[in-house]
């Protein structure tokens with residue numbers, strides 16, 4: 001096992017599968033982390049495990065875990081790689097790693113819960129909302145033949161701009177309540193199912209005075225029904241907004257659902273008692289780099305929140321965005337609170353800069369030049385003569401070769417540790433930014449096989465491939481039956497009162513048995 005840096009306060013342990021299941025059934029602060037490559041994870045992974053793949057683990061754990069303490073339950077497929085990933089997590093977070101002995105194979109051999117796909121917890125939750133909420137659907141063929149007063153695309157603007165439906169107006173979910181168009185007929189949609197369903201229920205939550213329908217299957221269902229999409233869209237709902245209405249709708253949600261407020265006194269008490277909590281900044285307009293669109297957060301919670309049984313404090317410049325986010329996070333099982341006021345960050349935390357290896361032409365004399373940056377970055381431009389090999393495939397490298405390894409700044413420190421773990425003693429790491437421009441190749445290339453750091457999950461569903469679109473929508477419909485097969489649905493019905501939430505991870509695994 002790779003030793004943790006002596007500066008780290010965390011230690012790495014090994015845990016048997018049965019003990020791992022028992023841990024998941026407790027209300028400990030726990031992060032269930034799958035460190036396999038993105039493609040393997042999307043193909044199949046433990047239910048409710050989040051992905052922090054070895055190939056991009058530094059950026060993923062920064063996004064998934066703040067500085068909250070807890071247990072990191074780690075599952076992988078290669079012991080050396082998994083030990084290394086655990087050491088990275090121990091060094092860069094306050095989580096204490098516990099590695100599942102035998103990895104993903106052991107998990108499957110014990111017939112424990114698995115499923116596949118991207119953003120799967122949120123997708124399954126969306127299906128539950130449709131089943132138990134106050135949603136009215138309209139078939140796309142009926143929507144085509146019976147246009148409403150207003151039709152809104154609820155995705156972030158960049159997605160709306162790429163493609164949408166004819167006559168659709170852009171209005172993300174967090175801002176729907178601010179619309180001043182009562183007594184109207186409204187159709188809502190996204191590209192598939194989840195965000196359109198969440199949007200329709202959001203308007204129902206706010207007792208919006210309109211006839212509201214969700215277009216089944218979104219843009220994919222529209223095309224399957226014979227409709228055509230529109231491209232390069234720009235129409236915005238800004239002209240339908242009212243600042244006064246926005247404040248009224250936020251207050252209505254807070255009072256109706258008794259959303260808890262994290263006051264400054266409350267946060268001080270938490271801090272003094274060393275009660276950990278995570279701060280999330282939301283903003284549908286994404287005016288700051290660290291803000292997350294509420295629409296995106298609810299659509300892909302597993303990309304942003306990795307530690308369960310911990311309080312989440314939601315802040316942002318727009319109270320309606322925040323109230324919508326808190327409501328949905330609590331319904332999903334997060335102990336979410338609305339921050340009393342928006343507090344801006346004083347600045348990024350200081351860190352010791354890494355001094356990169358300086359460029360020398362003799363570096364090109366290496367036996368092999370490999371690039372471990374993202375496959376997209378490599379495809380855009382690369383050092384001449386280099387080959388893309390992600391860190392998850394370091395076990396294929398020959399120890400006798402002299403490798404020149406090209407990486408990003410965020411990767412270099414931990415990559416050097418991995419080089420030692422695989423006895424690649426003749427290898428040197430260099431950051432992309434020090435390579436002279438004359439040695440960079442930007443010619444178009446293609447990969448022989450699909451890169452393992454990219455998902456291959458009905459990839460052409462938004463490019464007019466109707467078979468992929470149908471397969472994707474069928475997959476979404478399969479998620480609730482999968483949960484029932486292994487245990488049970490971990491969420492309360494949407495129409496029931498919203499009491500103290502319980503982690504969907506813990507709630508689900510309490511019903512799972514070996």
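Centre-to-centre, using Cα atoms only, region 99-169 and region 35-50 are separated by 18 Å.
Using a/c under 1.5 as the rounded threshold, could you call region 114-158 rounded, prolate or oblate? The axes a ≥ b ≥ c are square roots of the C-alpha gyration tensor eigenvalues, and prolate needs a/b larger than b/c, oblate otherwise.
On the way: a/c = 2.38, a/b = 1.69, b/c = 1.41.
Prolate, because a/c is 1.5 or more and a/b exceeds b/c.
Against the main long axis of the alpha-carbon atoms of the chain, helix 194-205 sits at an angle near 40°.
If you take every DSSP beta bridge whose two residues both sit in the chain, what share of them, in percent to the nearest 5, is antiparallel? Looking only at bridges with both residues in the chain, the antiparallel portion is about 15 percent. Measuring r between the beta carbons of residue 63 and residue 149 and using R0 = 41 Å, the FRET efficiency lands at 0.55.
For residue 357 and residue 271, calculate 0.36 nm times their separation in residues minus their Cα-Cα distance, and state this gained length in nm to one decimal. Before the final figure, lay out the partial values.
Numbers: separation 86, 0.36 × 86 = 30.96 nm, distance 4.11 nm.
Full-extension gain reported as 26.9 nm.
The helix-only estimate of mean residue ellipticity at 222 nm for the chain, built from DSSP H runs of length n ≥ 4 each weighted as -39500 (n - 2.57), is -9500 deg cm²/dmol after division by the residue total. Modelled spin-label separation between residue 474 and residue 225, with each label point placed 7 Å from Cα along the Cα-to-Cβ direction: 2.1 nm. A straight chain from residue 497 to residue 285 at 0.36 nm per residue would run longer than the Cα-Cα distance by 73.3 nm. In terms of the Cα gyration tensor, with a ≥ b ≥ c the square roots of its eigenvalues, is the chain rounded because a/c is under 1.5, prolate because a/b exceeds b/c, or oblate? Taking the square roots of the gyration eigenvalues as a ≥ b ≥ c, the chain is prolate. Rounded to 0.05, the FRET efficiency of the residue 236 and residue 511 pair, given R0 = 41 Å and the Cβ-Cβ distance, is 0.35. Just how far, in whole angstrom, is region 411-484 from region 197-224 if you go by their alpha carbon centroids? If you average the Cα positions of each part, the centres end up 33 Å apart. If R₀ is 30 angstrom, what is the calculated FRET efficiency for the pair residue 387 and residue 111, using the beta carbon separation as r and rounding to 0.05? Efficiency computed from Cβ-Cβ geometry: 0.15. To the nearest ten degrees, helix 412-421 and the longest principal axis of the Cα atoms of the chain are 50 degrees apart. Determine the gain in length on full extension of the stretch residue 465-residue 14; use 0.36 nm per residue of separation and subtract their C-alpha separation, reporting nm with one decimal. Using 0.36 nm per residue and subtracting the Cα-Cα distance, I get 157.9 nm. Counting beta carbons within 10 Å around each of 273, 167 and listing the fewest first gives the order 273, 167. Using only Cα atoms and rounding to the nearest 10 degrees, what angle (0 to 90) does helix 79-92 make with the longest principal axis of the chain? Rounded to the nearest ten degrees, it is 70. Between residue 158 and residue 365, the simple label model (points 7 Å from Cα in the Cβ direction) yields a spacing of 4.4 nm. Under 1.5 on a/c is rounded, so check that first for region 252-339, then, if it is not, pick prolate when a/b is larger than b/c and oblate when it is not; a ≥ b ≥ c are the square roots of the alpha carbon gyration tensor eigenvalues. It is rounded, given that a/c, with a ≥ b ≥ c, falls under 1.5.
None of the figures in this text is laboratory data; all of them are computed from the coordinates on show. None of these values were measured; they are calculated from a predicted model. Cβ: placed from backbone, ideal geometry, glycine included. Neighbour counts: every protein chain shown.
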